[in-house]
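As structure tokens, the structure follows; a few thoughts come after it.
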Amino acid sequence: VQWNVSADNHDDGLDGVNSNAVFRGNTVVSNGDPAISDGDIGIYLLSVESRLISENIVAWNNEFGIWCDGQTDSADNLVFGHVSDFTSCGTNSSNVVADPLFVSFSDDGDPRNDDFHLQAGSPAADLLTDPPLDTDGSARDLGAWGGQGYEGGPRPTWSAFGSVAPAELPLAAP
């Protein structure tokens, strides 16, 4: 699962249960519902064989940011606003715990009111110096718009709960 936005779902943002899992370059925000016993995690991995968690922005999910099975390492992620940002994960000094500074985040349950692009000065901006770089030669950003150097890279896709159709969600860069 690469370069997606998962926002305002009533369950976990992204799950990798009993599978090979690659979660790279995603923006996972405000998922979970306190009324659902297991629906409170941004990225959840359990009993997976191949594991990669990197280049993600995981913020303001109901309780947990990234929950691993105890065997997974995570690197180059930004997490923020959880009871526990990392649970049972091997963490790396390249992870950042800070507000991602989105252009707009309303936390009203409707992702159409949010803009998950990064503000100038975001701690998730220009962080990844390994190729591929952005088309202007600068370091890539974390999250859905940073993958493969967003300028010219793949457009993020959306996972949104309820009656919000993906075609209704704003994907264009500001």
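The values are calculated or read from the model by the stated rules, or taken from the named source; none is laboratory data. Quantities reported herein were computed from a predicted structural model and do not represent experimental measurements. Counting neighbours? That spans all protein chains shown, and the Cβs are built from the backbone with ideal geometry, glycine included. Only protein heavy atoms, including side chains, enter the accessible area calculation; ligands, DNA and RNA are left aside. Shrake-Rupley method; radii C 1.70, N 1.55, O 1.52, S 1.80 Å.
Under 8 Å for C-alpha pairs, at least 6 residues apart: give me the relative contact order for the stretch 1-122, rounded to a whole percent. Mind dumping the intermediate values first?
Details: 358 pairs, mean separation 23.3, N = 122.
RCO, the stretch 1-122: 19 percent.
Output the peptides 135-146, 108-119, 92-103 sorted from most to least packed, where packing is the average of other Cβ atoms within 10 Å over each peptide's residues. Show your work: numbers first, answer last.
Numbers: 135-146: 20.6, 108-119: 17.4, 92-103: 15.6.
The densest-packed peptide leads the list: 135-146, 108-119, 92-103.
Compare THR87, THR129, THR72 by solvent-accessible area with a 1.4 Å probe and give them largest first, with all protein chains kept in place.
From most exposed to least exposed: THR129, THR87, THR72.
Skipping prolines and chain starts, which residues have an amide H placed within reach, meaning under 5 Å, of the one on ALA98, given they are 5 or more residues away or on another chain?
For ALA98, whose amide H was placed from the backbone, the distant partners under 5 Å are VAL79.
What list of ³J(HN,Hα) couplings, whole Hz, do you get for the stretch 112-119 from phi and the Karplus terms 6.51, -1.76, 1.60, once you set θ to phi - 60° and write x for glycine and proline?
Whole-Hz 3J(HN,Hα) from phi for the stretch 112-119: 5, 8, 10, 10, 8, 5, 9, 6.
Can you list residues whose amide H is under 5 Å from SER6's amide H, if they're 5+ apart or on another chain and H is modeled 1.01 Å from N?
THR27, VAL28, VAL29, SER159
Any idea what diffusion coefficient the stretch 54-131 gets from Stokes-Einstein, in µm²/s, Kirkwood Rh on alpha carbon pairs, 20 °C, 1.002 mPa s?
The estimated diffusion coefficient comes to 161 µm²/s.
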